[in-house]
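Single-structure report; data block below.
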Amino acid sequence: MSSRRSRSRQSGSSGISDDQIIDLVSKLQQLLPEIRNRRSDKVSAAKVLQETCSYIRSLHREVDDLSERLSELLANSDSDQAAVIRNLLMQ
């Protein structure tokens, strides 16, 4: 059995066609700054998935850093400023 048929069967069992996978990988590629800014349009699906994981990890680190900075800001603010900041965050 060819590898193409093997992939079709595997993706068919999950309910996602090869064309849908290609479309999803292409959409991911457009969202990733590292890949989007490259001049080459040819990037393997594996590379797109690796970059996606890396990008998500960096976003998690950024959220953690921002959360820490916000906590420090709230801890060092007077109660009125902290209340204003909390209200802005809840909107």
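The values are calculated or read from the model by the stated rules, or taken from the named source; none is laboratory data. The model shown is predicted, which means the values in this text are computed figures rather than measured ones. Every residue, glycine as well, gets a Cβ built from its backbone with ideal geometry; the counts of neighbours run over all protein chains shown. Remember, those area values only see protein heavy atoms, side chains included, never the ligands or the DNA or RNA. Shrake-Rupley method; radii C 1.70, N 1.55, O 1.52, S 1.80 Å.
Taken together, VAL63, VAL25, VAL48 contain a single residue that is in contact (Cβ under 8 Å) with a residue 24 or more places away in the chain, under 17 Å from the mean Cα position of the chain (by Cα) and in a helix (DSSP H, G or I), which is VAL25.
Per-residue answers, yes or no, for (1) out of contact with any strand residue (DSSP E or B) (no Cβ under 7 Å at 6 or more places or on another chain); (2) at pLDDT below 80; (3) open to solvent by 50 Å² or more (accessible area, probe 1.4 Å):
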| position | (1), (2), (3) |
| --- | --- |
| ASP19 | yes, no, yes |
| ASN37 | yes, yes, yes |
| GLU51 | yes, no, no |
| ASP65 | yes, no, yes |
| LEU74 | yes, no, no |
